[in-house]
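Participant: This is the structure I want to talk about, given as structure tokens.
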């Protein structure tokens, strides 16, 4: 029985890798058109004056390049990974919803205004992100026909599977919104967010393969790997296009959903160690500045600048050095995440029948 299941899972892995290759080719083939479209319509990035001076040359570089990734992923998923795998509608819907919010945020930065005349205020945008995350958390938690029946389950390395109950819902919201914003903060150097997203999605592709239950997520993860890898063709230093909030917010959110739906969300801070470090650097910098200003009247900073990649740039590292070293850290983090997934004691991953796998994918 085990040999039969393994053979079937290998077939699914082969299919997932073909989807990754198809996503790479399709993204690469259409990316040039979108770069020209964004450039011709002057959809260019505005660079912060207070940031590293070396970044000023990036002013006007086309942004909202996340569309290059999203369209091939949505098209291939609908065509090849949706029928009889309806649970994939959840990450797909979150991807699209956060992309819309990110596109509005990109547009507001282009017009140079946070007025309601041009779209959502930051507070309204955060409220909408939380609302979308709440909807996703409820769908994950509730039983059919209202949800995917995860019931707050989480797999803990070395221990096995546990159920958090209703506490799962706020944790899920925090993970989706936090992951989205963490990737957005990381998207400050050429290829940095793209490379680390490629590694994180690849890690979860392997993790879901090892689990054996979530073959739909495995295929979806590798589709994202192919598209993100192709995006790096255009985002390599010096970048022809930036991902923008359209890409970073949506891809970060869907990474969180994949982690939650696979019940392996405790591994997300490990797999996404670079994203966590970038987000924490901002939280610590802002928090310490406000605390010292309250205590002494003068705000102080721990880092030269946040997010973390800017701190290292101001220490004298070149942009390429920061990117490559952060990517190496992300690569090791992904390997550690996969190794921890192997320690989870769950007999279901090796004994579940193929019919059960199909049923679980429909439910989840």
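The values are calculated or read from the model by the stated rules, or taken from the named source; none is laboratory data. Small disclaimer: the values here were computed from a predicted structure and weren't measured. Counting neighbours? That spans all protein chains shown, and the Cβs are built from the backbone with ideal geometry, glycine included.
Participant: At pLDDT 80 or above and closer than 18 Å to residue 245 by Cα: which single residue out of 44, 65 fits that description?
Facilitator: 65
Participant: If the Cβ limit is 7 Å and pairs must be 6+ apart or interchain, which residue in region 212-236 that is over 17 Å from residue 95 (Cβ atoms) pairs with which residue that is at pLDDT 95 or above and not in a helix (DSSP H, G or I)?
Facilitator: Note: no pairs meet the criteria.
Participant: Okay, moving on. Checking the condition surrounded by fewer than 24 Cβ atoms within 10 Å (Cβ to Cβ) and either farther than 13 Å from residue 179 by Cα or within 23 Å of the chain's Cα centre (by Cα) (or both), which residue from 251, 308 passes?
Facilitator: 308
Participant: Now for a separate question. Go through region 156-177 and count every residue that is surrounded by fewer than 20 Cβ atoms within 10 Å (Cβ to Cβ) and more than 21 Å from residue 143 (Cβ to Cβ).
Facilitator: Within region 156-177, the subset surrounded by fewer than 20 Cβ atoms within 10 Å (Cβ to Cβ) is 156-167, 169-171, 174.
Pick out the ones that are also more than 21 Å from residue 143 (Cβ to Cβ) and you get 156-160, 174.
Count: 6.
Participant: Turning to a different aspect of this structure: I'd like the full set of residues that are buried (at least 21 other Cβ atoms within 10 Å of the Cβ) and assigned to a helix (DSSP H, G or I), limited to region 71-86.
Facilitator: Selection gives 72, 73, 76, 77.
Participant: Select from region 288-325 the residues that are in a helix (DSSP H, G or I), touching a residue at least 60 places away in the same chain (Cβ under 8 Å) and within 12 Å of residue 189 (Cα to Cα) and list them in ascending order.
Facilitator: Selection gives 309, 310, 313, 319, 320, 322, 323.
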